[in-house]
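Just below is one structure, and these are the notes that go with it.
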Amino acid sequence: MKTLKILVTIAILTVITSSCVFDGIKGNRNVTVEERDINADFDALKASQGLKVYLTLDEGFSVKVEADENLQDIIITEVEDGVLHLYTKKNIWTAKARKVYVSMPE
């Protein structure tokens, strides 16, 4: 009986941990750069985990996303209440690139 409980526990843990591994989208390794349209100026930035953000001071506002081609549509760049939000609609499992280049004036 004790052995059965241990086997059931191991089976449940295996199912739980393996489901976490497959939760996400794999990049197709074909990296593209996409210039994003920004609908408003911003003075703050909020980024989700998993994106590499490079911030530079420039004369104007711009956002470029360098990522695997099939991931471009799930990386969201939007401005709300003066804050640029950078996040993904779905989890990204693996990718060759997940970079966001942000330029803004001082």
_strands (runs of 3 or more DSSP E) contained in the stretch 25-84 and holding at least 1 residues within 24 Å of Pro105 (Cα to Cα) and in contact with a Ser or Thr (Cβ under 8 Å, 6 or more places away or on another chain)_ = 31-36, 52-57, 62-68, 75-80
*Tell me which of these Lys90 doesn't satisfy, since it passes every other one: (1) loosely packed, with under 14 Cβ neighbours inside 10 Å; (2) farther than 17 Å from Gly24 by Cβ; (3) out of contact with any Lys or Arg (no Cβ under 8 Å at 6 or more places or on another chain).*
(2)
*asked:* Looking at the stretch 55-84 only, could you name the residues that are β-branched (Val, Ile, Thr), more than 15 Å from the chain's Cα centre (by Cα) and surrounded by fewer than 14 Cβ atoms within 10 Å (Cβ to Cβ)?
replied: Thr56, Val83
*Scan the stretch 85-98 residue by residue and report those that are closer than 17 Å to Asp43 by Cβ and within 9 Å of the chain's Cα centre (by Cα).*
Leu86
*Going by the structure shown, is Tyr101 among the hydroxyl-bearing types (Ser, Thr, Tyr) and over 11 Å from the mean Cα position of the chain (by Cα)?*
yes
_Can you report the number of residues in the stretch 26-54 which are over 16 Å from Lys99 (Cα atoms) and either within 15 Å of the chain's Cα centre (by Cα) or surrounded by fewer than 13 Cβ atoms within 10 Å (Cβ to Cβ) (or both)?_
6
*When residues of the stretch 61-74 are filtered for being in contact with a strand residue (DSSP E or B) (Cβ under 8 Å, 6 or more places away or on another chain) and more than 13 Å from Tyr101 (Cα to Cα), how many remain?*
6
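Since every read-out is calculated from the coordinates, none of them should be taken as a lab result. Keep in mind it's a predicted model, so treat the numbers as computed, not measured. Neighbour counts run over all protein chains shown; Cβ positions are idealised from the backbone, glycine included.
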